[in-house]
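Participant: Structure in structure tokens, see below.
The values are calculated or read from the model by the stated rules, or taken from the named source; none is laboratory data. A quick note: this is a predicted structure, and the numbers were derived from the prediction, not measured. Cβ sites come from the backbone with ideal geometry, for glycine too, and all protein chains shown count toward neighbours.
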Amino acid sequence: MSLVTVTELLQKAEQGKYAVGAFNCNNMEIVQAIIAAAEAENAPVIIQASQGAIKYAGLDWITGMAKLAAEKSSVPIALHLDHGTSFEQCMQCIRSGFSSVMFDGSKLTLDENIAETNRVLAVARPVGVSVEAELGKIGGTEDDITVDERDAMLTEPKEAKEFVDRTNVDALAVAIGTAHGQYKGEPKLDFERLEKIKAIVNVPIVLHGSSGVPDEAIKKAISLGVSKVNIDTNIREAFTNAMRKVINEDAKQIDPRKVLGPAREAATEVIREKIRIFGANGKA
């Protein structure tokens, strides 16, 4: 089948009270791991590419791999731009064949964020591409987007309502205490804030920085209305740890397949586990 939109996947997730996993890719093996996990769990899945991934692998390569994966796969797959920070970048991904883009205007004022999000929506909607936006700043580091922890601001429910009312965006990423990258301690999510946002906002809610968040906290967030959960760091950890193990055990190993094969398998297992935690298994 061809790529589907994130909107289509999240509407079903909201109805079914589960969340769709959005997994970041950097190379062929990780794309293959995402698809293998989704098919093994019979789950819908979102392949995400960040600015760093696009810079590393190339836009055409990312799009080509995702389109091939969707054509060969038996489960619904979306291709999503993660943290696009400019109108131009969103347009490049739409032209390339992405079925969904995120415009991250969280560093802008509320009015500027709304204006730029609407600018992206004006192009994306007519060509059937989903748009995710972000309100509030999510701490940590993701590629070249760094937000100092002290300046990381949680999403204000009233602003979230105003944002959605003035954009009618397809999905909204909110800041409720998660962070990008590896956590130094256990994250404390503001469930009360999430509940307030979901009560007055009628679009799917996205949770970024979910690697390292305890399983029970993720499940609670989903029960309170989160329908897309982003995972990147946990995949990287599993992938590189498996590579490291092979090289440590056999320093003379020079066959990339012997190094990357186990890494792909390790990533697949982590993604399968996340899909089950999100309740998306069996939902394809």
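Participant: Could you run through the range 205-235 and say how many residues are within 17 Å of ASN24 (Cα to Cα) and more than 14 Å from the chain's Cα centre (by Cα)? Don't jump to the end; show me each part of the working.
Facilitator: From the range 205-235, those within 17 Å of ASN24 (Cα to Cα) are 206-213, 227-235; that's our starting set.
Of the ones still in play, those that are also more than 14 Å from the chain's Cα centre (by Cα) are 212-213.
Count: 2.
Matching residues to (1) small (Gly, Ala, Ser); (2) closer than 29 Å to GLY279 by Cα:
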position: PHE23; (1), (2): no, yes
position: ALA38; (1), (2): yes, yes
position: ILE46; (1), (2): no, yes
position: LEU81; (1), (2): no, yes
position: PHE87; (1), (2): no, no
position: SER96; (1), (2): yes, no
position: GLU112; (1), (2): no, no
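Participant: Take the range 232-284 and flag every residue that is touching a Phe, Trp or Tyr at 6+ places or on another chain (Cβ under 8 Å), under 13 Å from ALA33 (Cα atoms) and of a type in the set (A, V, I, L, M, F, W, C). Don't jump to the end; show me each part of the working.
Facilitator: In the first step, residues of the range 232-284 are kept if they are touching a Phe, Trp or Tyr at 6+ places or on another chain (Cβ under 8 Å); the result is 232, 235, 263-264, 266-267, 271, 274, 278-280, 283.
Pick out the ones that are also under 13 Å from ALA33 (Cα atoms) and you get 232, 235, 263-264, 266-267, 271, 274.
Selection gives ILE235, ALA263, ALA266, ALA267, ILE271.
Participant: Limited to the range 70-82, what total is found for residues that are of a type in the set (D, E, K, R) and within 18 Å of ASP60 (Cβ to Cβ)?
Facilitator: Our first condition is that a residue be of a type in the set (D, E, K, R); within the range 70-82, this holds for 71-72, 82.
Adding the requirement that they be within 18 Å of ASP60 (Cβ to Cβ) leaves 71, 82.
Total meeting the criteria: 2.
Participant: Any idea which of (1) surrounded by 20 or more Cβ atoms within 10 Å (Cβ to Cβ); (2) at pLDDT 95 or above is the one VAL213 doesn't satisfy?
Facilitator: Among (1) surrounded by 20 or more Cβ atoms within 10 Å (Cβ to Cβ); (2) at pLDDT 95 or above, the lone unmet condition for VAL213 is (2).
Participant: Test of understanding: among GLU14, GLU29, GLU41, which residue is closer than 15 Å to VAL229 by Cα and more than 15 Å from the chain's Cα centre (by Cα)?
Facilitator: On the way: GLU29 fails: closer than 15 Å to VAL229 by Cα; GLU41 fails: closer than 15 Å to VAL229 by Cα.
Sole residue among the options that is closer than 15 Å to VAL229 by Cα and more than 15 Å from the chain's Cα centre (by Cα): GLU14.
Participant: Take the residues of the range 83-113 that are over 16 Å from the mean Cα position of the chain (by Cα) and among the acidic types (Asp, Glu): which is farthest from THR63 (Cα to Cα)?
Facilitator: Applying the filter and picking the extreme gives ASP111.
Participant: Still on this structure, I have one more. For LEU68, all conditions in the list (1) within 18 Å of ARG276 (Cα to Cα); (2) surrounded by fewer than 24 Cβ atoms within 10 Å (Cβ to Cβ); (3) out of contact with any Gly (no Cβ under 7 Å at 6 or more places or on another chain) hold save one; what is the number of the exception?
Facilitator: (1)
Table: residues versus (1) crowded, with 19+ Cβ neighbours inside 10 Å; (2) touching a helix residue (DSSP H, G or I) at 6+ places or on another chain (Cβ under 7 Å); (3) of a type outside the set (A, V, I, L, M).
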site: PRO157; (1), (2), (3): yes, yes, yes
site: ASP170; (1), (2), (3): yes, yes, yes
site: GLU192; (1), (2), (3): no, no, yes
site: VAL206; (1), (2), (3): yes, no, no
site: ILE247; (1), (2), (3): no, yes, no
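Participant: Please go through the range 60-111 and pick out each residue that is among the β-branched types (Val, Ile, Thr) and under 24 Å from ALA43 (Cβ atoms).
Facilitator: Let us first name the residues in the range 60-111 that are among the β-branched types (Val, Ile, Thr), namely 62-63, 75, 77, 85, 94, 101, 109.
ILE62, THR63, VAL75, ILE77, VAL101 - these are the residues of the range 60-111 that are among the β-branched types (Val, Ile, Thr) and under 24 Å from ALA43 (Cβ atoms).
Participant: Please specify each residue of the range 71-83 satisfying the condition of being within 14 Å of SER100 (Cα to Cα) and modelled with pLDDT of 95 or more. Step through it out loud before you land on a result.
Facilitator: Step one: list which residues in the range 71-83 are within 14 Å of SER100 (Cα to Cα), which gives 76-83.
Selection gives PRO76, ILE77, ALA78, LEU79, HIS80, LEU81, ASP82.
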